[in-house]
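Working notes for the structure below.
Nothing in this text is a laboratory measurement; each read-out follows from the coordinates by a stated rule. If you're wondering where the values come from, they're calculated on a predicted model, not measured in any experiment. Cβ sites come from the backbone with ideal geometry, for glycine too, and all protein chains shown count toward neighbours.
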Amino acid sequence: MIEEQATVTFIDDDNVTVTSDIKSACGGCQQIDNCGSGQVAKAFPQKKLSLTLKSPLALELGDKVVLGLNESALLQSAWQVYLWPLLGLIMASWLGQWLVINDMLGHEVFAIVFGLTGGFCGFSLAKRQQIKSATCAKLAPKILRRENQNIAIVEITD
C-alpha cells in the first residue's frame, strides 16, 4: 500500500475533503541549478491536491490522515497503459513489414500505417480496461487512519 499524509480541510457528513502537498521528485541534489528538471521544478512551485473521499472515521477539521493507494492495482494499471500500445505498435509493424517484404503490400508506408493502427488499437484496449468500474474502484485512494497528533508540553513539574 502506497501511503501519503494529508490534512482534513472540509467535512460534509461522511464525505471528507483532504489536501496534500504535491511533492516534486527534484530539488534535493546539488545539480539543481544545472539540470533541466531542476529548472522546471523551480519554475512551477509546489501545489496542493484536494480530494473528497468517504470516511467511516470520526474526523475533525485540521486532522492529519494517512491516505492509501493499492500498489498492485497501480502497477497493473501502469503495465496496461504503457505496454498494450507498445505491443500493438510492434506486432502490427512487424506484420506490415512482413507483408511488404513478401510483396503483398506495395510500399513501406503501409507498414507504417499498420504500426500506427496497432498502437492505436493497443491504446484503445488499455483505455477500455482502465474505465471499468472494478479498476476504478481499486485505484481510488482511501483514508486508512488518523495520524497521531502531537501534544505540546507546556510545563513539566517534579
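One table, with the values for the structure above:
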read-out: Approximate spin-label separation Lys47-Ser124, in nm, with each point projected 7 Å along Cα-to-Cβ; value: 3.2 nm
read-out: Per-pair calculated FRET efficiency, R0 = 35 Å: Asp14 and Trp94 via Cβ, rounded to 0.05; value: 0.10
read-out: Other-chain or far-sequence residues with amide H under 5 Å of Asp63's (modelled H); value: Val8
read-out: Difference of contour (0.36 nm per residue) and Cα-Cα distance, Ala137 to Val109; value: 5.9 nm
read-out: Estimated Rh, the range 75-158: Kirkwood, alpha-carbon pairs, angstrom; value: 16.5 Å
